[in-house]
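Only one structure is covered here, and it is reproduced in the block below.
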Amino acid sequence: MLPRERDLTEMSTNDMKKSLLAILIFSIILLPSRVNQVCINTGNTQNDSYPIKDEIPIEYFNITITNDENFTDYGFPGTGTKENPFRIENYSIDAGHHQRGIAVVNTTKHFIIQNCYITKTGNPALLLENVFYGTATIQNVTIVSVFETGIMVRFSRGVTIRKNYITYATNGFTDEGYGISLYRSNDTIVSNNICERISRHGIESLYGTNNTFVENNCSNTFNTGFFLYEETQAKIINTTCNFNLRGMILVDSSLTLENNQINQNSHHGCILNGVYNSTITRNSVCNNAKEGLLLTDLRNSTFTENFVCFNGDIGFKGLRIKRCTFTFNQIVNNSHYGLVIDGYSSNNLAHHNRFVWNKPGGTSQAFDSGNNTLWYDQETKEGNYWSDHKRGKYEIDGRADSFDKYPLNSDLESADFYYLSFLLSFPLISFILLRRKRTNIPTERVTRKE
């Protein structure tokens, strides 16, 4: 190489190194802030319009409907058809802590309960029982200071419960208080409700099928934000369960848990016990005092694209779990292990997850004493990203003597990782541009004299 060419090449190489170093530092600085932003985001759009007592001048002691004829007896507007339902609306009810506020039982007509204010009632404040499929809607109702339960739906199908506000539901003697309670009710849609300062569960559903819960806020309860027991095909989507004792408890159910915020609870974030054939995806489970997700007796379930960050103990704690898959999760800065699989677990799979800064000072960010756990994808020969990985395979703590045979050295590509991939693509882009620039550097033509 001629001296002139050598000097220009060295200058270009030094410039390229400096640029790459600056971009890498910039990417590293932005990465933790992005992770924090995603993990602790508690945004959940709720309705800003709920009735208050001052807006409802009509006073009524209580309303009890036990058959279709009672709608006409009370003189409610409407005809009871789908197009023109009976309307129980604009009532302010104070039952003096004794009777229910509104009860509708054993009916087949269409009706809607809306724009009511209910307070100081017996249990529950508003009851629907054995109403015909798809005939009932409860919306824009405010329930304050009631004995035990705000809204209870029993033995009914196709009920819609939306845009209601329930607070201070407690019986005053024990912690048996519930915001919205479903019992053996199917095809129910519960959406855009706020249940706060409830003594036990913000929302609970027992023994139901195909119930959907969307955009609810069950925060600031004194026990559990959301409780599910023996439900099949349940959907919990875009729901916020923050600042409770426990965010969610989901038991013996098959479900979809998607895009929920389960953050800053004073015990566990989410407890799943006996859950099966379920999908848990794109949830934020962060800043909880104990485990982010406590998984017990699970089988055939998938955890993907979740943010499990900054929890006071383990991120995912798996006890007796079988055939569960963990992929594309962000598992960041949990005080203990990011993922634990105990000795009674078997045939689980974990790959394409990002393990970052878990169990500081430890020898591994995961723990495995289970049987036949795979920490990489056999087809693609790709494992997980480990922030503390140095070289070779990544050894995992636990009696199973497991290891990630194909640890990844870069961030992963998935729907929720595009931003991170974009940041970390800067060095590659810069390298290409600088290399192209270097190839275009003019050099002096030197001819050898004969």
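Select from segment 181-210 the residues that are assigned to a strand (DSSP E or B) and surrounded by fewer than 19 Cβ atoms within 10 Å (Cβ to Cβ) and list them in ascending order.
Filtering segment 181-210 for residues assigned to a strand (DSSP E or B) gives 181-183, 186, 189-191, 194-198, 201-206, 209.
Of everything in segment 181-210, those that are assigned to a strand (DSSP E or B) and surrounded by fewer than 19 Cβ atoms within 10 Å (Cβ to Cβ) turn out to be Tyr183, Ile189, Arg197, Leu206, Thr209.
Name the single residue, out of those in segment 315-342 being assigned to a loop (DSSP other than H, G, I, E, B) and within 14 Å of Trp357 (Cβ to Cβ), that is nearest to the chain's Cα centre (by Cα).
Result: Gly315.
Go through (1) modelled with pLDDT of 95 or more; (2) more than 19 Å from Ser191 (Cβ to Cβ); (3) assigned to a strand (DSSP E or B) and name the single condition Ile113 misses.
(2)
Could you please tell me which pairs satisfy a Cβ distance under 7 Å, a separation of 6+ or placement on different chains, a first residue in segment 368-382 that is crowded, with 16+ Cβ neighbours inside 10 Å, and a second residue that is among the aromatic types (Phe, Trp, Tyr)?
Cβ pairs passing all conditions: Trp375/Phe403; Tyr376/Tyr406; Glu382/Tyr376; Glu382/Tyr406.
Could you please find all residues in segment 343-395 being assigned to a loop (DSSP other than H, G, I, E, B), of a type outside the set (Phe, Trp, Tyr), in contact with a strand residue (DSSP E or B) (Cβ under 9 Å, 6 or more places away or on another chain) and under 14 Å from Asn333 (Cα atoms)?
Hits for segment 343-395 are Asn353, Asn358, Lys359, Gly362, Ser364, Gln365, Ser387, Asp388.
How many residues does segment 128-146 hold that are at pLDDT 95 or above, closer than 14 Å to Arg100 by Cα and surrounded by 19 or more Cβ atoms within 10 Å (Cβ to Cβ)?
Qualifying residue count, segment 128-146: 1.
Quick check on this structure: which one of Glu55, Glu59 is among the acidic types (Asp, Glu), over 37 Å from the mean Cα position of the chain (by Cα), over 24 Å from Ser185 (Cα atoms) and modelled with pLDDT under 95? Before you say what the answer is, go through the steps one by one.
Numbers: Glu55 fails: over 37 Å from the mean Cα position of the chain (by Cα).
Being among the acidic types (Asp, Glu), over 37 Å from the mean Cα position of the chain (by Cα), over 24 Å from Ser185 (Cα atoms) and modelled with pLDDT under 95 holds for just one of Glu55, Glu59, which is Glu59.
So which residues in segment 284-303 are in a strand (DSSP E or B) and either of a type in the set (S, T, N, Q) or free of Cβ contacts under 8 Å to residues at least 60 places away in the same chain (or both)?
The answer is Ser284, Val285, Leu293, Leu294, Leu295, Thr296, Arg299, Thr302, Phe303.
Okay, residues lined up against (1) more than 17 Å from Asn223 (Cβ to Cβ); (2) at pLDDT below 95; (3) not charged (D, E, K, R):
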position: Thr121; (1), (2), (3): yes, yes, yes
position: Phe155; (1), (2), (3): yes, no, yes
position: Tyr165; (1), (2), (3): yes, no, yes
position: Tyr178; (1), (2), (3): no, yes, yes
position: Arg184; (1), (2), (3): yes, no, no
position: Glu204; (1), (2), (3): no, no, no
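Can you tell me which residues in segment 278-312 are among the acidic types (Asp, Glu) and touching a Gly at 6+ places or on another chain (Cβ under 8 Å)?
Start the filter on segment 278-312 by keeping residues that are among the acidic types (Asp, Glu), which leaves 291, 297, 305.
If the condition is that a residue be among the acidic types (Asp, Glu) and touching a Gly at 6+ places or on another chain (Cβ under 8 Å), then Glu291, Asp297 are the ones that fit.
The values are calculated or read from the model by the stated rules, or taken from the named source; none is laboratory data. Note that the coordinates shown come from a computational prediction; the quantities given were computed from them, not determined experimentally. Ideal geometry is used to build each Cβ from the backbone, glycine not excepted, and the neighbour counts take in all protein chains shown.
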